[in-house]
Structure formats: structure tokens, C-alpha cells
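Note sheet for the following structure.
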Amino acid sequence: MKTVELLEEHSVLDGVQYKYRHRSESLNCSMTFSLFLPNKEKFPEPSLLWWLSGLTCTDDNFTHKAGAQRVAARLGIAMIMPDTSPRGKEIADSDDYDLGQGAGFYLNATQKPWSSHYKMYDYIIKELTSLVREEFHLIGPEFISGHSMGGHGALVLGLRNPKRFQSITAFAPIVNPSQVPWGIKAFENYLGDNKEDWAEWDAVELIKRYSDKKVPILIDQGDTDQFYKKELEPDKLVKVAKEKKYPLTVRMQSGYDHSYYTIATFIEEHLEFHMNQLKNIKPKE
Ligand SMILES: N[C@@H](CCC(=O)N[C@@H](CSC=O)C(=O)NCC(=O)O)C(=O)O
């Protein structure tokens, strides 16, 4: 039995862009997600990119604005774009753009009123993963990328699941949410006061205590990004990565801001970076 409802289907380049709705058990609400599939005959077992968007976004922002389908169609990459939080009138929210709906921070909330729905980590890592494997037979190598709050999500989900994701890339990620206004506000609300709990969802802290397989990371950060100094500061990640000899490349991009224009400019290089990692995978004996 199909567990997803098709909302949109568009031929684009050499593939198809879909939008679906389904009932999420982990979030306890109805959710939408978008999925791009490259040409099935040319790429019967495509790789899969997980794209995590930022504050205020839905699954549509990247789908409509990044222009990634052209590259994904060429390289044979399927792309899944989840929404950024649970949604609905009955679900806890705030009037602020950086808390509540549209601002799920890719974690599992433990504090009321958020804890009954805000389980974005479980939703993506368990529920949506099973769904794309079972409904769409997407069982190829996986990569993870994201922007801003979604860049934080890509780093945290990738670092917590290094056997699953071959590589991680991010645009202007929040690398140290425990120390910046967006992250402190989210973590106080979703996780409570215990800073040890915060560290589990913070890329700088995860790399400080890292002892697992080192999955390569690429970050692009625009130097005219309005959030660069106050919320992002990738140098903090560079420092801990050096100490731990973690393979991290941060590229400062002169004249680029926080918008999807920056993502559209460099997304091709991110997808190529991911595909290049597959060359390093040893075939099974
Ligand atoms: N106050 C602004 C902030 C919203 C914003 O800039 N959102 C970014 C992500 S920021 C970090 O997660 C975004 O991707 N916006 C959507 C887009 O399509 O550009 C506001 O409310 O606009």
C-alpha cells in the first residue's frame, strides 16, 4: 500500500521533480517533502543527496531556487528535500521566525511544549529514510548537504551517522549553535538548560570529541553574508578540525551573501565533491 500522496510531478531537464505528502509518525502530523529523480534508464540505482534547508524554509526553497536539478540529472543523483519542522494549527509554534514551525533545528526536542512533535532528527534519519528506501527503492550511496540552520543539520546528522553518509557539504552553516543567538534560543526551548545535551547537537562540540570514521566536509561561506559574524563563524569549526586532524575544507567566497544566489552559484561544485568521494570507496571483496 502506498503511504505517500503525490501532490506535484514536473519533468525537468532529464529527470522528474516530485512533491509528496505523507503522515509522519515521529512528528505526529502531515508533512510534505520534495524528491528529484534523475533519468531512471540512465541511472537505475542513483546516489541520494539529502538537502536540509534553513530557517523559514519549506521543501520548496531549494527545489525552486538552487537550480540543482541540472547537475543532479547529469551526475545521476536523486535529491530529497524534507520540510524544516513539523507543521499544523495544533502544533506548538512561536511568532518568531527562528523558533517553532520552520525552525526545527534537526534535533529531537525534549522540552514541553515542543517534545510532542519536534523530532526532526528521528524523522529524517529513521522515518523518511525507511520511506525513500521502501517506496522509491533509493538504496545507493548517500550524501548530506544544507544551508544555514540546514547546514547545521547536515553537519550534525552527517557526524552522528558517518557510516551512512559518504560526505557532508554546507553553505553558511551554524557550526556552533550552543554559542550563537539562533542556536541558544532554539536549544534553550527545545532541549532545556543542560549544556551536555546541547553538545550532542553542535558540530564544533561533536568534532572536539570525535573518534569515528572521518567523513570529508566542504563548506562555502560568503564574506558579505549578513549572518556571518553573529551566527555562523566557520573559523570555530576550522580550529577544532585542525586539532583533531579532521578533513574539512572551508572556502570563503568573496562578495557572496546568505541567499540562494550563493547556493545556485556553488551547488554544482558541492554535488561534484560528493560524487568524487565515491571514487575513494573500495568495492566489496
Ligand atoms: N529574517 C529573515 C531570516 C530568514 C532567512 O534568511 N532564512 C534563510 C535561512 S537563514 C538560516 O537558517 C533562507 O534560506 N530563507 C529562504 C530563502 O528562500 O531565501 C526572514 O525572515 O526573511
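The values are calculated or read from the model by the stated rules, or taken from the named source; none is laboratory data. Treat the numbers as computed from the prediction; the structure is a model and nothing was measured. No Cβ is skipped: glycine too gets one built from the backbone with ideal geometry, and neighbour counts run over all protein chains shown. Quick note on the areas: whole protein, heavy atoms, side chains included, nothing else; ligands and nucleic acids left out. Shrake-Rupley method; radii C 1.70, N 1.55, O 1.52, S 1.80 Å.
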Quick check on the stretch 89-243: of the DSSP beta bridges with both residues there, what percent are antiparallel, nearest 5%? 20
Could you compute the net charge surrounding Glu8? Neighbours are other residues with a C-beta less than 14 Å from the C-beta of Glu8; K and R count +1, D and E count -1. -2
Taking the dipole of the chain about the Cα centre (Lys, Arg +1; Asp, Glu -1; charges at Cβ), the one of Thr32, Ile124, Gly183 that reaches farthest to the positive side is Ile124
Compactness of the stretch 166-240, expressed as Rg and Dmax over alpha-carbon positions, Å: 12.8, 34
Residue order for Lys185, Lys112 - accessible surface, 1.4 angstrom probe, largest first: Lys112, Lys185
Span-like helices, the chain: DSSP H, alpha-carbon axial extent 18 Å or more, mean Kyte-Doolittle -1.0 or greater, which ones? 260-278
Using 1/(1 + (r/R0)^6) with R0 = 22 angstrom and r between the beta carbons of Glu45 and Arg23, what's the FRET efficiency to the nearest 0.05? 0.20
At 1.4 Å probe size, with the rest of the protein present, what percent of the exposed accessible area of the chain is carbon and sulfur atoms? 49
Suppose every K and R has +1 on its Cβ and every D and E has -1 on its Cβ; what is the size of the dipole of the chain about the Cα centre, in Debye to the nearest 20? 940
Positive-end residue, the chain charge dipole about Cα centroid, Cβ charges, pick of Gln101, Trp114, Ser53: Ser53
Which value at 222 nm does the chain reach when only helices count, each DSSP H run of 4 or more adding -39,500 (n - 2.57), with the total divided by all residues and rounded to the nearest 500 deg cm²/dmol? -8500 deg cm²/dmol
Per residue, in Å², the accessible surface of the chain once ligands and nucleic acids are set aside, probe 1.4 Å: 45
Simple Cβ-charge dipole of the stretch 39-173, Lys/Arg +1 and Asp/Glu -1, about Cα centre, in debye nearest 20: 460
Isotropically averaged projected area of the stretch 4-284, using the convex hull of Cα atoms (one quarter of hull area), nm²: 14.1
Fraction of antiparallel bridges per DSSP, the chain only, in percent to nearest 5: 50
